[in-house]
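The values are calculated or read from the model by the stated rules, or taken from the named source; none is laboratory data. Model, not experiment: these values are computed from the prediction. Here Cβ is always computed from backbone atoms with ideal geometry, including for glycine, and neighbour counts include all displayed protein chains. Only protein heavy atoms, including side chains, enter the accessible area calculation; ligands, DNA and RNA are left aside. Shrake-Rupley method; radii C 1.70, N 1.55, O 1.52, S 1.80 Å.
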Amino acid sequence: MAVLETVPDPEIPVLTITDLGIVRGIAEDPPRVRISPTYTGCPATTAIEQSIREALDAAGFRDVYVERVLFPPWTTDWISERGRERLKAYGIAPPGVSATAECPQCGSTDTVEVSRFGATPCKAQWRCKSCLEPFERFKCH
Ligand SMILES: [Zn+2]
């Protein structure tokens with residue numbers, strides 16, 4: 001787990017894969033790391049698996065393999081509290097159930113969704129009506 005804690009998310013490098021909650025655990029016989037992809041078909045999944053492989057190899061765990069677990073499916077609820085804080089500090093509003101997002105710049109909730117699609121499929125484009133800054137919000141999933 002200490003090795004996995006150091007593997008960054010390829011799309012949001014301030015987050016580690018453990019912050020994202022995609023590491024489901026470690027299993028034995030055979031030794032393996034169990035991970036759940038975030039969004040189905042997310043192109044980052046292959047990159048994440050590659051990063052885990054490299055981190056494990058570098059730490060001497062060459063005989064540990066990476067197993068992809070699809071059920072139960074990953075949800076944004078699995079993002080850790082530390083992960084949510086890091087997203088906000090990075091300028092991305094964490095996922096939430098409310099219809100409004102809190103502006104990561106000024107904290108205002110007077111915000112509006114501009115587009116369902118941001119720079120990556122997992123984020124939506126928002127704009128703050130108080131400070132007028134655009135920002136991204138991690139989509140609830
Ligand atoms: Zn603002």
Hey, among the residues in the range 32-42 that are among the β-branched types (V, I, T) and surrounded by 16 or more Cβ atoms within 10 Å (Cβ to Cβ), which one's farthest from A2 (Cα to Cα)? T38
In the range 124-141, residues that are open to solvent by 30 Å² or more (accessible area, probe 1.4 Å), more than 15 Å from the ligand (Cβ to nearest atom) and basic (K, R) total 0
Within the range 93-109, work out how many residues are within 16 Å of the ligand (Cβ to nearest atom) and touching a Lys or Arg at 6+ places or on another chain (Cβ under 7 Å). 4
Output yes when any residue across the range 84-91 is open to solvent by 40 Å² or more (accessible area, probe 1.4 Å), within 29 Å of A27 (Cβ to Cβ) and more than 16 Å from the ligand (Cβ to nearest atom), and no when none is. yes
Residues satisfying the stated conditions in the range 110-123, i.e. within 16 Å of the ligand (Cβ to nearest atom) and either open to solvent by 80 Å² or more (accessible area, probe 1.4 Å) or out of contact with any Cys (no Cβ under 9 Å at 6 or more places or on another chain) (or both): E113, V114
Could you list all residues from the range 6-38 that are among the β-branched types (V, I, T) and assigned to a loop (DSSP other than H, G, I, E, B)? V7, I12, V14, I22, T38
When (1) more than 28 Å from E136 (Cα to Cα); (2) open to solvent by less than 80 Å² (accessible area, probe 1.4 Å); (3) in contact (Cβ under 8 Å) with a residue 12 or more places away in the chain are applied to P8, the one that fails is (1)
Among (1) surrounded by 13 or more Cβ atoms within 10 Å (Cβ to Cβ); (2) at pLDDT below 90; (3) part of a loop (DSSP other than H, G, I, E, B), which single condition is T45 missing? (3)
Determine whether E67 is within 16 Å of the ligand (Cβ to nearest atom) and assigned to a strand (DSSP E or B). no
Which residue, of D57, D29, is more than 17 Å from T6 (Cα to Cα) and open to solvent by 30 Å² or more (accessible area, probe 1.4 Å)? D29
Criterion (among the charged types (D, E, K, R), in contact with a strand residue (DSSP E or B) (Cβ under 7 Å, 6 or more places away or on another chain) and at pLDDT 90 or above) met by exactly one of R68, R62: R68
